[in-house]
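A.B. asks: Attaching a single structure in structure tokens format; questions to follow.
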């Protein structure tokens, strides 16, 4: 028997176990399961970040190391260097990305866009604020060499004076879940922006909670354009990388597809219910990968 088991921390007493006899796993069945899994992965709200598909070679102008050196030069000299890529910056405040929306026309809902700024324009916004912009303030998100653009994220939560300045330009900081609900999931560009924003928030949040070394307690400093951190203690120099927390979310439905199983936690507001979701054990994650690999082999 092949067991597909997933559990949720939202409801610890509830688990879903589906048993599939091996003899029923025909090529047609496996092909259907594999295609269903692929579709689900492609339509996930924060999956498919186009900036993470490839990592440029170190000598490339779009690599983290080269882009970081160019960034330092541009911040010091305040000039666009010859043959340097365009730098775009996405500000965050308390985990919320900067966004703007177009005015709705007729019955059409407004269309939102992330609040990307060219580096020069962003520096102009900071001119009248107390925020100190340095090369270590920005985190490398990725690049699009075909567009000659390198993307950066920055957390401006410490300076509240920037909020009215952005508001005067019709920008505001919006919760990611709000953007997810407002997104047309058939719009590839909007889904790409949502994935970029999700990746940027996770990386900036990791920087905020990794300010000190867990080994010796000294402060950590960003390295490799913010892709990792390192302990400032010369006797330690421990390298710290972004953590990966495997999670799962699912919608359990009956055979007629007309009823769904939802759950709630005691901290939820009244009348709020949720799909089953939560962190999963690494052993379960490895099991899913083994099953997925087995299905791919059998389908081929």
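The values are calculated or read from the model by the stated rules, or taken from the named source; none is laboratory data. Everything numeric here is computed off the predicted structure, so don't read it as measured data. Here the Cβ positions follow ideal geometry from the backbone for every residue, glycine too, while neighbour counts run over all protein chains shown.
A.B. asks: Scan segment 167-188 and give yes if some residue there is at positive phi and touching a strand residue (DSSP E or B) at 6+ places or on another chain (Cβ under 8 Å), otherwise no.
C.D. replies: Within segment 167-188, the subset at positive phi is 170.
Remaining after also requiring touching a strand residue (DSSP E or B) at 6+ places or on another chain (Cβ under 8 Å): 170.
Yes, because at least one residue in segment 167-188 is at positive phi and touching a strand residue (DSSP E or B) at 6+ places or on another chain (Cβ under 8 Å).
For (1) free of Cβ contacts under 8 Å to residues at least 12 places away in the same chain; (2) exposed (fewer than 13 other Cβ atoms within 10 Å of the Cβ); (3) not in a helix (DSSP H, G or I), each residue gets a yes or a no:
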site	(1), (2), (3)
87	no, no, yes
90	no, no, yes
100	no, no, yes
109	no, yes, yes
133	no, no, yes
141	no, no, yes
166	no, no, no
178	yes, yes, no
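A.B. asks: At pLDDT below 65 and surrounded by 14 or more Cβ atoms within 10 Å (Cβ to Cβ): is that true of residue 291 in this structure? Lay out the reasoning, then the answer.
C.D. replies: On the way: at pLDDT below 65: yes; surrounded by 14 or more Cβ atoms within 10 Å (Cβ to Cβ): yes.
Yes: the conditions hold for residue 291.
A.B. asks: Within segment 111-122, take every residue that is part of a helix (DSSP H, G or I) and in contact (Cβ under 8 Å) with a residue 12 or more places away in the chain and give me the one that is farthest from the chain's Cα centre (by Cα). Walk me through how you get there before you give the answer.
C.D. replies: Quick first cut of segment 111-122, residues part of a helix (DSSP H, G or I) only: 119-122.
Checking the rest, the ones that are also in contact (Cβ under 8 Å) with a residue 12 or more places away in the chain come to 119-120, 122.
On the way: 119: 21, 120: 25, 122: 22 Å.
The residue in question is 120.
A.B. asks: For residues that are touching a strand residue (DSSP E or B) at 6+ places or on another chain (Cβ under 8 Å), closer than 30 Å to residue 154 by Cα and touching a residue at least 24 places away in the same chain (Cβ under 8 Å), tally how many sit in segment 231-266.
C.D. replies: Result for segment 231-266: 8.
A.B. asks: Sort out which residues of segment 185-230 are without any contact (Cβ under 8 Å) to a residue 24 or more places away in the chain and touching a helix residue (DSSP H, G or I) at 6+ places or on another chain (Cβ under 8 Å), and write them in order of number.
C.D. replies: Residue satisfying the conditions is 229 alone.
A.B. asks: Yes or no: segment 255-270 includes at least one residue that is over 20 Å from residue 97 (Cα atoms), in a strand (DSSP E or B) and either within 24 Å of the chain's Cα centre (by Cα) or in the same structural domain as residue 63 (by TED's automatic domain parsing) (or both). Let's see the steps before the verdict.
C.D. replies: Initially, segment 255-270 is screened for residues over 20 Å from residue 97 (Cα atoms), giving 255-270.
With in a strand (DSSP E or B) added as a condition, the list becomes 260-261, 263.
Among the residues that remain, those that are also either within 24 Å of the chain's Cα centre (by Cα) or in the same structural domain as residue 63 (by TED's automatic domain parsing) (or both) are: none.
No, there is no match, as no residue in segment 255-270 is over 20 Å from residue 97 (Cα atoms), in a strand (DSSP E or B) and either within 24 Å of the chain's Cα centre (by Cα) or in the same structural domain as residue 63 (by TED's automatic domain parsing) (or both).
A.B. asks: Just need a number here: residues in segment 240-254 that are over 21 Å from the mean Cα position of the chain (by Cα) and loosely packed, with under 13 Cβ neighbours inside 10 Å.
C.D. replies: Of all residues in segment 240-254, those over 21 Å from the mean Cα position of the chain (by Cα) come to 251-254.
Imposing the further condition that a residue be loosely packed, with under 13 Cβ neighbours inside 10 Å reduces the set to 251, 253-254.
Count: 3.
A.B. asks: With the requirement that a residue be assigned to a loop (DSSP other than H, G, I, E, B), surrounded by fewer than 21 Cβ atoms within 10 Å (Cβ to Cβ) and in contact (Cβ under 8 Å) with a residue 24 or more places away in the chain, what does segment 143-164 give you?
C.D. replies: To start, the set of residues in segment 143-164 that are assigned to a loop (DSSP other than H, G, I, E, B) comprises 148, 156-161.
Retained after the next criterion (residues that are surrounded by fewer than 21 Cβ atoms within 10 Å (Cβ to Cβ)): 148, 157-161.
Passing the criteria: 148, 157, 158, 159, 161.
A.B. asks: While we're looking at this one, here's another question. Would you say residue 190 is closer than 27 Å to residue 72 by Cβ, under 19 Å from the mean Cα position of the chain (by Cα) and part of a helix (DSSP H, G or I)?
C.D. replies: Values: closer than 27 Å to residue 72 by Cβ: no; under 19 Å from the mean Cα position of the chain (by Cα): yes; part of a helix (DSSP H, G or I): yes.
Taking the combined requirement at face value, the residue does not satisfy it.
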